[in-house]
1. If you scan the range B:13-46, which residues turn out to be of a type in the set (A, V, I, L, M) and more than 24 Å from B:Glu94 (Cα to Cα)?
2. Give the residues of the range B:177-213 that are within 11 Å of B:Gly163 (Cβ to Cβ), assigned to a strand (DSSP E or B) and either basic (Lys, Arg) or open to solvent by less than 10 Å² (accessible area, probe 1.4 Å) (or both), sorted by residue number.
3. Among all residue pairs at least 6 apart or on different chains, which show Cβ distances below 6 Å where the first residue, located in the range A:197-217, is open to solvent by less than 40 Å² (accessible area, probe 1.4 Å) and the second is among the polar types (S, T, N, Q)?
4. How many residues does the range B:128-176 hold that are open to solvent by less than 10 Å² (accessible area, probe 1.4 Å), more than 14 Å from the chain's Cα centre (by Cα) and either over 30 Å from A:Thr74 (Cβ atoms) or at pLDDT below 95 (or both)?
5. Just checking, which of B:Thr119, B:Thr217 is at the interface with another protein chain (Cβ under 10 Å from one of its Cβ atoms) and polar (S, T, N, Q)?
6. Please work out which residue is farthest from A:Val31 (Cα to Cα), limiting yourself to the range A:131-148 and to residues that are in contact with a strand residue (DSSP E or B) (Cβ under 8 Å, 6 or more places away or on another chain) and within 11 Å of another protein chain (Cβ to nearest Cβ).
Amino acid sequence: MLTKEQIAQRIAKELKDGYYVNLGIGIPTLVANFVPSDIDVTLQSENGLLGMGPFPSEEEIDADLINAGKQTVTTLPGSVFFDSATSFAMIRSGRVDLTVLGAMEVNDKGDIANWKIPGKMVKGMGGAMDLVASAQNIIVAMQHTNRAGESKLLKELSLPVTGLGCVKKVVTNLCVMDITERGFELRELAPGVSVEEVKAATAGTLIVEGEITVISF
Amino acid sequence: MNKVVQNAAEAIAGITDGMTLMLGGFGLCGIPENTINALVKSGVKNLTCISNNAGVDDFGIGLLLQSKQVKKMISSYVGENAEFERQLLSGELEVELLPQGTLAERCRAAGAGIPAFFTPAGYGTEVAEGKEVREFNGKQYIMEKAFESDYALVKAWKGDTDGNLIFKATARNFNPLMAMAGKITIAEVEELVQPGELDPNFIHTPSIFVNRIFQGTDYEKRIEQRTIR
């Protein structure tokens, strides 16, 4: 099984030189720690920063400089600030090359739910609905099952939808899957995880065909 | 014409029960601290607040929630405020949650004289309920309308007495959009200077959008997630 850091590390392999990338809160944020040193990737934070740098030192902390997770961050040479409408202009017009998001549920048609549990939790969608409606390339980072052991990779969503048919790839603690018109297509397994375990943990349509590799770092 | 007022209490003159206010800021970053505190003191109630977030329990808009001055919040993300969640789940508070980009564009549209626009965000979700859907180039979009608000309350880094504003770093966020959108816009600034002292090349919000301006005091600038390397 993959740890949260390893899920992020695996997703980082999808990064390409020159990419503009938006990382969501949680596991997606960790992807920034694994950007290969031989490529240039620019991080977009939807609160109004392109070219997000690492967390600050104690001396560098600036309350006016945060990321979309409200964490203090820094700038890099070439960074730029802008207002929220300009930020979402970048997103809606498809200029962000890769979006990495967390999810509560994903179904085998690529629909995603991650903003609300009716009657229990109301946090809101933040920028997620804008991102999933416009991004060409969305990877979801998530645990394969919830705390009760139930699958989060479903045939039909049980929670309110955030966006339809938008998720292209899912990386979980168990495996890597592409979402195609046929369903969840298993591509890679986490070390020590069997196809049977993935089948048992996946409620949506799972396709197991062709070569399935084991994730290595 | 003198736009300068002495303090927040003077700035909020005319804000009365039941009005709709826009409040700049993302999380606690770039919020109009002085103006919010003055609203709490004034006791004005039944407010509709348009703001990306709702503060935290004891700071920012959270202070207005604690004193039950807010009837309705229009936001994109409210996860940092336990009192908000309690009031919402108990039915004391109305809330309209919107995609963040839609929230921003509804401000921008209001400030740009554009009554409505189409966005793909929220298509097929609860957000689209009751809204016109149209297809453009094979993709579905929903119609969103410009916000109507009585006052916009914004916070800038520097401003001049004419009302020109410059924002700092990510404290810019919704502030310049809301500054354009309010029927009356109140700007509080960390540093108020004379006209001519700000380089016209680097002004973010032109003075024409600002009606009242004052120099704020005692900025706390609370940090929500203090992360260091």
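1. The answer is B:Ala13, and nothing else.
2. Scanning the range B:177-213 gives B:Thr185, B:Ile186, B:Ala187, B:Val189, B:Thr205, B:Arg212, B:Ile213.
3. Close Cβ pairs satisfying both conditions: A:Ala201/A:Thr145; A:Ala201/A:Ser151; A:Thr202/A:Ser151; A:Gly204/A:Asn107.
4. Going through the range B:128-176 one residue at a time, the tally reaches 3.
5. B:Thr119
6. Only one residue fits best here, namely A:Ala133.
For every residue, the table says whether it meets (1) aromatic (Phe, Trp, Tyr); (2) surrounded by fewer than 23 Cβ atoms within 10 Å (Cβ to Cβ); (3) in contact (Cβ under 8 Å) with a residue 60 or more places away in the chain; (4) within 13 Å of chain B (Cβ to nearest Cβ).
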| residue | (1), (2), (3), (4) |
| --- | --- |
| A:Thr29 | no, yes, no, yes |
| A:Phe34 | yes, yes, no, no |
| A:Ile39 | no, yes, no, no |
| A:Gly51 | no, yes, no, yes |
| A:Ile61 | no, yes, no, yes |
| A:Ser79 | no, yes, no, yes |
| A:Gly94 | no, yes, no, yes |
| A:Ile112 | no, no, no, yes |
| A:Met129 | no, no, no, yes |
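The values are calculated or read from the model by the stated rules, or taken from the named source; none is laboratory data. Being a predicted model, the structure only gives us computed values, none of them experimental. Here Cβ is always computed from backbone atoms with ideal geometry, including for glycine, and neighbour counts include all displayed protein chains. For accessibility, only protein heavy atoms count, side chains too; no ligands or nucleic acids. Shrake-Rupley method; radii C 1.70, N 1.55, O 1.52, S 1.80 Å.
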